[in-house]
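Report on the following structure.
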Amino acid sequence: MASLGRHIIVEYYDCSPEILNDVVNIEKSMINAAEEAGATIINSTFHHFSPYGVSGVVVIQESHLAIHTWPEYGYASVDLFTCGDTVNPWVSYQLLKEAFKAGHGSAVELSRGEMALLKRKNFDVKALRDEKSTDEGDPIRTRDVWFTERDDKIALSLKHDGKLYDVQSDYQRVSVFNTQAYGNMLTLDGMVMTTEKDEYVYHEMITHIPMLTHPNPKRALVIGGGDGGTARELLRHDSLEEVVMVEIDDKVIEASKMHLPTIASALEHPKLNLIVDDGIKYVNDAADESFDLVIVDSTDPVGPAEGLFTVDFYKEVYRILSKDGIMVTQSESPRFNSKVFKEIFQTYRGIYGQEQVHCYLAYIPTYPTGMWSFSYSSKGGAHPIANFDEAKSKAFAKEHRLKYYNEDLHKAAFALPSFVRDMIS
Ligand code: SPD
């Protein structure tokens, strides 16, 4: 390398004014341009000016990408600065040109920090660290890289030591991050799906509530759930003769087997029939009354999971449930996804009847707002509290040393805060 860094100074002309005034989209495009160029995102901050214009910067481990836009002229000025040779800033240049629908663009590349002009200084970071370190730890941060799940109003960040897996599958971006607080974490299209440290809350609650309410469940179907956590919990129940799991994306299974071994631990279980296919198609083709329990362990209702949030799909699930059958689905955050949350309960009540559908909650720190909901719908009317076997539940939780679910929580989870109750009543 003849220089420390490459600095591309970019002009985009004749862009779409609307795009250049959309701060949320510009941030997404800049982050995407950095990732596609091979950069590691550290953080980003963007600002919309009144009445128009956007400024922002994406800090990457290899330096930064910065932008300022003048929508009224359809013009954006962009700096792409990268150090080392792992990131190709010209990939970002091309992607941003397309993202902003630029009529034409121009760019000048400068070499920054000519090696011929640089002389190494005496800078001993190890001595500095030894001198400053205290019992509370190392005061000199060597790594400060954050994963952020964001929508336009809130964001959740987790500090991590890098990506262990990052693949664009046929359906979505599948990544595993090595987070500092929650262990390895699976994300799909930038949304947290599960982490090693808090996965048990979701997986115990989505399975044991219906399993300990149904009088005699023999066959269970899981739609989605490719990380394996739901299957692992179901297979603790000896009464089950078969668990069929239909996951659309084999990369989710691959990533989980490689990097989430404790969650994926039952994926080779002899009672598990793991099918890589479209769950909607599987349900449409399944025989009437062929499952005692159907669990929809889906992602959020964007991308490949969208079809799992439709009336047609749930009518089909109802059809394949046995007479006493129970359906449980993850039903999003009441606070964060209020619209979807309400629609879900309205839809299920239209199919199962007003009294047969119940909402319960669990507390999952790595999901938006931390408050997560599940729906419980029964075809035969089994009430999740009146009909659950409390003694069995107590013994089961003890025997399996469950970390979240227990007989008290089974009942308590259905006690809803007033604002949640009002949303669905
Ligand atoms: N926003 C997070 C929703 C995640 C729901 N599914 C998680 C899959 C875990 N098996």
Subject >> Mean-position separation - Cα centroids, the stretch 176-240 and the stretch 79-94, in angstrom >> reply: 39 Å
Original post:
If you count the DSSP beta bridges with both ends in the chain, what percent of them are antiparallel, to the nearest 5?
Top reply: 80 percent
**OP:** Once you have a ≥ b ≥ c as the square roots of the Cα gyration tensor eigenvalues for the stretch 258-388, tell me rounded if a/c is under 1.5, and otherwise prolate or oblate according to whether a/b is larger than b/c.
**Re:** rounded
Original post:
Does the stretch 331-415 come out rounded, prolate or oblate, given a ≥ b ≥ c as the square roots of the eigenvalues of its C-alpha gyration tensor, rounded meaning a/c under 1.5 and, failing that, prolate meaning a/b above b/c?
Top reply: oblate
Original post:
Based on the Cα atoms of the chain, what semi-axes does the equivalent ellipsoid have, where each is the square root of 5 times one gyration tensor eigenvalue, given in whole Å with the largest first?
Top reply: 46, 26, 19
Original post:
Relative to the present Cα-Cα distance, how much length would full extension add between Arg401 and Glu11 at 0.36 nm per residue of separation?
Top reply: 134.4 nm
**OP:** Whenever you get a sec, compute what percent of the accessible area on the chain sits on carbon and sulfur atoms (1.4 Å probe).
**Re:** 50 percent
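Sort 214-225, 68-79 for me by packing, meaning the mean count of neighbouring Cβ atoms within 10 Å per residue, highest on top.
214-225, 68-79
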**OP:** Would you count, across the stretch 283-413, every pair of lysines whose alpha carbons are under 17 angstrom apart, provided the pair is eight or more residues apart or spans two chains?
**Re:** 9
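Where only protein heavy atoms count, and the probe is 1.4 Å, what is the accessible area per residue for the chain in Å²?
Working: 20070 Å² over 425 residues.
Normalised by residue count, the accessible surface of the chain is 47 Å².
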**OP:** Please say if the stretch 204-337 is rounded, prolate or oblate, where rounded means a/c under 1.5 for a ≥ b ≥ c the square roots of the C-alpha gyration tensor eigenvalues, and otherwise the choice is prolate for a/b larger than b/c and oblate otherwise?
**Re:** rounded
**OP:** Any aspartates and glutamates with Cα under 17 Å of the Lys197 Cα? List them, leaving off those in the same chain fewer than 8 positions away.
**Re:** Asp161, Asp227, Glu233
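Given Cβ point charges of +1 (Lys, Arg) and -1 (Asp, Glu) and nothing else, what value in debye, to the nearest 20, does the dipole of the stretch 188-275 about its Cα centre take?
That gives a dipole near 260 debye.
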**OP:** Would you kindly calculate the mean projected area, averaged across all directions, of the convex hull enclosing the Cα atoms of the stretch 347-396, in square nanometres?
**Re:** 4.8 nm²
Original post:
Just the accessible area for Tyr13, please: 1.4 Å probe, Å², rounded to the nearest 10?
Top reply: 90 Å²
**OP:** Express in Å², to the nearest 10, the accessible area of Glu289 obtained by rolling a 1.4 Å probe over the protein heavy atoms while all chains stay in place.
**Re:** 90 Å²
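What ranking, highest mean first, results for peptides 309-316, 36-43 when packing means the other Cβ atoms within 10 Å averaged over each residue? Before the final figure, lay out each step's value.
Values: 309-316: 16.0, 36-43: 18.2.
My ranking of the peptides, most packed first, is 36-43, 309-316.
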**OP:** Compute the acute angle (0 to 90°) between the alpha-carbon long axis of helix 23-36 and the principal axis of greatest extent of the alpha-carbon atoms of the chain; round to the nearest 10°.
**Re:** 80 degrees
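The values are calculated or read from the model by the stated rules, or taken from the named source; none is laboratory data. Every value quoted in this text rests on a predicted model; they were computed, and no experiment measured them. Glycine gets a Cβ as well: all are built from the backbone with ideal geometry, and neighbour counts include every protein chain shown. Keep in mind that these areas ignore ligands, DNA and RNA; they rest on the heavy atoms of the full protein, side chains included. Shrake-Rupley method; radii C 1.70, N 1.55, O 1.52, S 1.80 Å.
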